[in-house]
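Undergrad: What follows is a structure written as structure tokens; I'll ask about it next.
The values are calculated or read from the model by the stated rules, or taken from the named source; none is laboratory data. Since we're looking at a predicted model, the values are computed, not measured. All Cβ positions, glycine included, derive from the backbone under ideal geometry; neighbour counts span all protein chains shown.
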Amino acid sequence: MDVLGFLFPPFVASLILTGIHAYLGLHVVERGVIFVDLSLAQIAALGTTIGYIFGLGLHSPQNYWMSLGFTFLGAALFALVRARRAPIPQEAIIGITYVIAAAGSILIMNRIPEGTEHLKDMLVGNILTVSWGEVGRTALLYAGIGLFHYLFRARFLRISMDPRGAAADGLSVRWWDFLFYVSFGFVVTSSVSIAGVLLVFCYLVVPSVAAMLYAERVGPRLAIGWTMGATVSALGVYLSYLFDLPTGAAIVVTFGACLILMASLRPLVPLAHRTVRVGQMSESLPDKATSSG
């Protein structure tokens, strides 16, 4: 019972991360900007390190807002550079931003006595020590972000799956892109402070990629992604405790092993009924009359 009581808060935290990231991962995969989460997470970490050298506590509320401000700048940049005929692919800008933010964080951490430990914490986090207070605050924030995306789901799905059609219908793709990345930034900033950059990236991308192997529609993909995330989280947290391993890294490796297993079993499982994407996805998108504007 003592072990279960110790592992329960990080497990609940991992379920909360799974819930919001598996959904956002659908958008990221459809947009083809796979590394946007990794880049925004690294920008958030850079903001935290800069706040730290200015005397803000590493996990203080003031440093959280510093990190969030940097994330908003990244969100504005990524929304601005998205264009149908841009000379430079958006994914290239995202990758360059990640590399610069990562290098900047390393340079700053190199000047801090405990820099190595802070750098490790930034990459893999320490979800095993998360408190119930952090779990509660994160749940409330993500519930608000989830409600926001639910209310405007038609617009967000449209600009992710059919940006040209959305623009033709009069939808401001760049504006809704910015709102998407801002909400995304709230999630990433909070997630990085709990789970670290690498684990946040796994929660976003791996469940969505695994779900794509078995389903075409949004609903089944979410169900598969949430199920995989919950299962892997429980197993990863338990293995990290059992073998005294860094929890974040243990969950990341467990995600990788589970994805390999699911990909290996894919030829044995029939793919769910295929549906045509945007414009004919009645389950996922309403008609044009309700999605424009």
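Undergrad: Does residue 29 meet the test of being aliphatic (A, V, I, L, M), touching a Ser or Thr at 6+ places or on another chain (Cβ under 6 Å) and surrounded by fewer than 20 Cβ atoms within 10 Å (Cβ to Cβ)?
TA: Yes.
Undergrad: Taking the range 150-188 only, how many residues are under 29 Å from residue 45 (Cα atoms), buried (at least 20 other Cβ atoms within 10 Å of the Cβ) and touching a Phe, Trp or Tyr at 6+ places or on another chain (Cβ under 7 Å)?
TA: Of the residues in the range 150-188, 7 are under 29 Å from residue 45 (Cα atoms), buried (at least 20 other Cβ atoms within 10 Å of the Cβ) and touching a Phe, Trp or Tyr at 6+ places or on another chain (Cβ under 7 Å).
Undergrad: Give the range 256-293 a look and list any residue that's surrounded by 14 or more Cβ atoms within 10 Å (Cβ to Cβ), aliphatic (A, V, I, L, M) and modelled with pLDDT of 80 or more, or say none.
TA: Selection gives 259, 262.
Undergrad: Now a separate question. Go through the range 223-255 and give me each residue that's aliphatic (A, V, I, L, M) and crowded, with 21+ Cβ neighbours inside 10 Å.
TA: Residues satisfying the conditions are 224, 228, 232, 237, 250, 251, 252.
Okay, residues lined up against (1) among the β-branched types (Val, Ile, Thr); (2) within 24 Å of residue 156 (Cα to Cα); (3) surrounded by 16 or more Cβ atoms within 10 Å (Cβ to Cβ); (4) out of contact with any strand residue (DSSP E or B) (no Cβ under 9 Å at 6 or more places or on another chain):
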| residue | (1), (2), (3), (4) |
| --- | --- |
| 22 | no, yes, yes, yes |
| 34 | yes, yes, yes, yes |
| 67 | no, no, yes, yes |
| 72 | no, yes, yes, yes |
| 75 | no, yes, yes, yes |
| 94 | yes, yes, yes, yes |
| 102 | no, no, yes, yes |
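Undergrad: Sort out which residues of the range 150-165 are free of Cβ contacts under 8 Å to residues at least 60 places away in the same chain and in a helix (DSSP H, G or I), and write them in order of number. Outline the logic, then answer.
TA: First, pick out the residues of the range 150-165 that are free of Cβ contacts under 8 Å to residues at least 60 places away in the same chain: 150-153, 159.
Within the range 150-165, 150, 151, 153, 159 qualify.
Undergrad: Given the condition surrounded by 14 or more Cβ atoms within 10 Å (Cβ to Cβ), within 27 Å of residue 19 (Cα to Cα) and either modelled with pLDDT under 85 or among the aliphatic types (A, V, I, L, M) (or both), answer yes or no: does some residue in the range 104-116 qualify?
TA: Taking every residue of the range 104-116 in turn, none turns out to be surrounded by 14 or more Cβ atoms within 10 Å (Cβ to Cβ), within 27 Å of residue 19 (Cα to Cα) and either modelled with pLDDT under 85 or among the aliphatic types (A, V, I, L, M) (or both).
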